[in-house]
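Take a look at the structure below.
Please treat every number below as a calculation from the coordinates, not as lab data. What you see is a predicted model; the values in this text were computed from it and never measured. Positions of Cβ are generated from backbone atoms using ideal geometry, with glycine treated the same way; all protein chains shown enter the neighbour counts.
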Amino acid sequence: MLHAIGYFAAIFIGLSLGIMGGGGSILTVPVLVYLMGVSPVLSTAYSLFVVGSTSVVGASGYFRKGLVSLKTALVFLGPSLAAVFAMRRLVMPAIPAELFVVGGLVVTKDLLVLVAFAGLMVVAAASMIRSQGPEATLETDINPPFNYPLVLGIGLVVGTLTGFVGAGGGFLIIPALVLGARLPMKLAVGTSLVIIALNSLIGFSGDLSAGTPIAWPFLLGFLAFALAGIVAGTYLARFIPGHKLKPAFGWFTLAMGTFILLRELVF
């Protein structure tokens, strides 16, 4: 039963990526851990593959429509790709299985990943719940300069977070592209998918080079459902403005993040 719900959730992840250019990937690790029974650390590797492959399909649709800014993607990806590969190839394998003990609580690598992920979910939820989206800024600021430091800085942050928790970071990328690169919302969504795809797949290549064991039949089956979702989401994006869905998705993400924190730290 849980596996069936997990596959349905994979469709929802793809839908979110297709419509909003991000957001859905934040659910991939919790779905893999709590519904599919994958260990937290391994689920971050699986998440990178699922999110990256799904985003490739979504990005291709936006690319055909001319809704991808390659210049912006290249500026963003420089620091981001370096950070995500270093995290997956060097940092994550070096973290010991057991870190320290606080009272009666043994802080393990798995626990650290889940708590960090839940914290990221809370931050992502706050970003999506805010009523004043980045689109509004563009209405009063015509043809402002490309903010290279902001785009490069967010690229480094997103690469580090993607490498550690296995999420695409779309909730950070979209505001950076709209406010820093001054892209219209739909162009930002398409560009975000390109960045998420390359970031995630480069991160996954770091796992492969580090010798992470991969259950390919399971992973490819989960991916198939996510791909169905993003194909549908890319089509629906023509009729459903992503920014209108973000607040509701944000509240759901907040509830999920809170659940993980309570389950891992309290219960």
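For this structure, a couple of remarks:
- Odd one out for ILE11, checked against (1) buried (at least 16 other Cβ atoms within 10 Å of the Cβ); (2) of a type outside the set (Gly, Ala, Ser); (3) within 16 Å of GLY206 (Cβ to Cβ): (3)
- Looking across region 225-244 at every residue that is out of contact with any helix residue (DSSP H, G or I) (no Cβ under 9 Å at 6 or more places or on another chain) and not in a helix (DSSP H, G or I), the one that is surrounded by the fewest Cβ atoms within 10 Å (Cβ to Cβ) is identified as PHE239.
- In region 44-80, the qualifying residues are those that are among the polar types (S, T, N, Q) and closer than 13 Å to ILE195 by Cβ, and the one that is surrounded by the fewest Cβ atoms within 10 Å (Cβ to Cβ) is SER69.
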